[in-house]
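See structure below.
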Amino acid sequence: MENDQMISPTDIITGIVFIDGELAMLTLTADGELRWTEYGLRQQLSMKKDVLGFVVEGKRIRVKVVVEKEAGICCGQFDGDFVRKDFVFEPLIDQNGWCFKLRQYLDSLGRPKRLLVFVNPFGGKKSAREIFVKEVKPLFEDADVQLEIQETKYQLHAKEFVKSMDVSKYDGIVCVSGDGVLVEVVNGLLERADWRTALKLPIGMVPAGTGNGMIKSLLDTVGLRCCANSATISIIRGHKRSVDVATIAQGNTKFFSVLMLAWGLIADIDIESEKFRWMGSARIDFYALQRIICLRQYNGRILFLPAPGFESYGQPASCSLYKEPPVSDKELGYQGPETNFEDLEWREIKGPFVTVWLHNVPWGAENTLTAPAAKFSDGFLDLIVLKNCPKLVLLSLMRQTSSGTHVESPYIVYLKVKAFVLEPGGLVDEPDKEGIIDSDGEVLARGKRTYNCDQKALMSYDKLQVTVDQGLATLFSPEY
């Protein structure tokens, strides 16, 4: 971890203590191991990995611990990868010395001590408040983390809050929600005049929404389940990783994305299934079946700047990206990455399309491994394109998204790109009926005669461009 500090060998403390009524020799080593012998067996706990914190109870010191479950065991306070336990000992002498050394080592790990927590009570099955109270808050209390809790009351509440907050008050931000609040937080931080400083603040996710694609991607990378238990412990441990941020632009209008952009079938499913939100995550599968039965194809064109190794995809094309005149950061915040792509070798694919999917991380939702080759901070986006496809094959492909094997299909074009341009058109069968462009679960553009087309969207259903800034944002992450 970036903030780890080495403890001098002189900082070891050893003493005789009572453990379960028996005398034992307990040692805290310079490597952060608590070691003792109990019933003839040598025991140890890692301060980095196992220990959350400790409290003093009279003469006893209670160490708050989490340990990984054994395979096949389902027990403990939480349904997750870890079991909550306590290790209690009573020093015969120098209790203050033990407390000092334990606190000194924990402080040396650079863990977060002050967190801003957004809880979205409206996302998914509306369980975020319960998840926070029963699973998240007790772990933070064990780790002695101070929390400032903000329940989101309306859409863009989190974005408004982070745009004006004092970033020096916090060591990080936590979103107990789906991916929507994360996206609001990123966009809010990037719209600040001090966005460079603000983006150094790590953001943590606790799954409590419909999609949970970002936290699933983070936890799955190291083999952990996508649950509040594992997510919260990862935040407490304080490890971090950077993540690419994509700038989606249409003229002077911008949206900053950390997950995905979709047009066609996937966007239609994601947005039009909102009418079945009461079903929770099942709404996606339910509406996907309806959309496949009545399959739509869209006219249009995509242009892209391929990553090294993908230059053979598509056909040669020329492309000129829109550039704004220079402005002051203090006026408008982050303006997107520097783009000097005009003289490079652009490629194009022409429609009609069933769907076009652009992804920043592997998982689009807990059960959808959209882009299995996606990396968090490689500076590229994964592009998935599906043109013509038989309905039965498409139904099979949708099932295969749970394992990521859909990208192996000959009907799928799968590649990495540095920049991307979408020129959306109308339906093949109904040219005057257009589609929806969706990014990170939010509607960017609604075309003519689409679902809720009377609602105002951020952009128009027209040409837009996507560029990526490598490793721009910071996330709390399991150690990898």
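The values are calculated or read from the model by the stated rules, or taken from the named source; none is laboratory data. A quick note: this is a predicted structure, and the numbers were derived from the prediction, not measured. Virtual Cβ from ideal backbone geometry, glycine too; neighbours counted across all protein chains shown. Ligands, DNA and RNA are excluded from the accessible area calculation, which covers all protein heavy atoms including side chains. Shrake-Rupley method; radii C 1.70, N 1.55, O 1.52, S 1.80 Å.
How much length, in nm to one decimal, is gained on full extension between residue 242 and residue 68, taken as 0.36 nm per residue of separation minus their Cα-Cα distance?
Value of the extension gain: 60.1 nm.
Test of the criteria: in the stretch 449-480, which trypsin sites (Lys or Arg not before Pro) are in a DSSP loop and have at most 14 other Cβ atoms within 10 angstrom of their Cβ?
449, 456
Cut-off under 18 Å on the C-alpha distance; same-chain residues fewer than 8 positions from residue 463 excluded. Which lysines are left, in chain and number order?
Within reach: 254, 323, 350, 418, 433, 448.
Let's test the formula: R0 of 25 Å, r as the Cβ-Cβ distance of residue 30 and residue 90. What FRET efficiency results, to the nearest 0.05?
0.60
Please give the length that would be gained between residue 341 and residue 153 if that part of the chain were fully extended, namely 0.36 nm times their separation in residues minus their C-alpha to C-alpha distance (nm, one decimal).
Length gained between residue 341 and residue 153: 63.5 nm.
Highest mean first, what order results for 270-278, 236-244, 436-444 on Cβ atoms within 10 Å?
By packing density, highest mean first, the sequence is 436-444, 236-244, 270-278.
Can you find, among 379, 340, 355, the residue sitting farthest towards the positive end of the charge dipole of the stretch 301-445, where Lys and Arg contribute +1 and Asp and Glu -1 at Cβ?
355
Is there a quick way to get the dipole size of the stretch 87-173? I mean about its Cα centre, with the Cβ of Lys and Arg at +1 and of Asp and Glu at -1; what is the value in debye to the nearest 20?
In total the dipole reaches around 460 debye.
Which of the peptides 56-69, 210-223 is most tightly packed, and how do the rest follow, going by the mean number of other Cβ atoms within 10 Å of each residue?
Packing proxy ranking, top to bottom: 210-223, 56-69.
How large a share of the accessible area of the chain, in percent, is made up of carbon and sulfur atoms when the probe is 1.4 Å and the other protein chains stay in place?
50 percent
Taking the solvent-accessible surface of protein heavy atoms with a 1.4 Å probe, what is the per residue accessible area of the stretch 17-175 in Å²?
Spelled out: the 1.4 Å probe surface of the stretch 17-175, per residue, equals 52 Å².
Please tell me which of these pairs span more than 27 angstrom C-alpha to C-alpha: 126/200; 125/159; 216/416?
Those over the limit are 126/200.
Tell me, what is the 1.4 Å probe accessible area of residue 168, in Å² to the nearest 10?
80 Å²
Dipole of the chain, Cα-centred, from +1 at each Lys and Arg C-beta and -1 at each Asp and Glu C-beta, to the nearest 20 debye?
Dipole size: approximately 680 debye.
Taking a cut-off of 21 Å between Cα atoms, list the lysines near residue 48, but don't count ones fewer than 8 places away on the same chain.
Counting by Cα, and skipping residues close in sequence, residue 48 has these lysines nearby: 64, 69, 85, 101, 113, 137, 240.
When a/c is below 1.5 the answer is rounded, else prolate if a/b is larger than b/c, else oblate, so apply that to the stretch 356-480 with a ≥ b ≥ c taken from the square roots of the Cα gyration tensor eigenvalues.
It comes out oblate by the Cα gyration axes.
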